[in-house]
Structures are given as C-alpha cells and as structure tokens.
Amino acid sequence: MQNYKPIRMCISCRNRNYQKDMLRLKILDDNRVIVYDNCGRSFYICDECVKDKKKVKGLTKRFKQDEERFLKFLKEQLKNE
Ligand SMILES: [Zn+2]
C-alpha cells in the first residue's frame with residue numbers, strides 16, 4: 001500500500017506541510033482571492049499563517065487585497081474546518 005502524502009509550501013512562511021493541513025486558494029482575474037475551485041493556478045497557506053495577523057497583513061499587501069474582505073474570507077475558511 002502506498003502511503004504518499006503530498007507536501008506543499010506555504011506562500012507566506014515558506015514552511016512545508018501536508019497538503020491536507022493547508023488552505024488551497026487561487027486568485028481571480030479581478031484580483032479576488034477565493035478557495036481553489038479545481039481550475040487555474042493555486043497556492044497554499046498554512047493554518048499558522050491564516051491565524052497570524054502579521055502574516056495576513058503581509059499577504060493582504062502582497063496580493064493587493066481589500067483588507068476587510070480578505071480577513072473575513074480567511075476567518076470563514078477557518079470556521080469551515
Ligand atoms: Zn505559513
């Protein structure tokens with residue numbers, strides 16, 4: 001039996017983690033970040049970074065997100081777990 005667990009790198013802290021423990025997101029053409037919907041390019045954020053206000057702020061700037069919307073969006077993702 002194969003016991004392969006994919007590892008991915010967090011876009012924020014660059015730590016590597018199991019894919020299942022990370023949030024998979026993508027950026028739309030209009031620059032909104034959404035949960036990955038199985039098409040296009042995706043990236044990963046680890047739980048630690050989602051919960052880290054400083055990291056989230058960095059990502060907000062990096063991806064030029066609307067801060068209020070982005071924070072709310074990430075909070076919702078944590079709740080869904
Ligand atoms: Zn991280």
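Bear in mind that the values in this text are calculations on the coordinates, not laboratory data. All values derive from a computational prediction rather than experimental measurement. Note that we place each Cβ from the backbone using ideal geometry, even for glycine, and neighbour counts take in every protein chain shown.
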(request) May I ask you to verify whether Leu25 is in contact (Cβ under 8 Å) with a residue 12 or more places away in the chain, surrounded by 12 or more Cβ atoms within 10 Å (Cβ to Cβ), more than 10 Å from the ligand (Cβ to nearest atom) and not in a helix (DSSP H, G or I)? (result) yes
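Yes/no matrix, rows are residues, columns are (1) surrounded by 18 or more Cβ atoms within 10 Å (Cβ to Cβ); (2) within 13 Å of the ligand (Cβ to nearest atom); (3) in a loop (DSSP other than H, G, I, E, B):
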site	(1), (2), (3)
Lys20	no, no, no
Asn31	no, no, yes
Asp37	no, no, yes
Arg41	no, no, yes
Glu48	no, yes, no
Lys54	no, yes, no
Gly58	no, yes, no
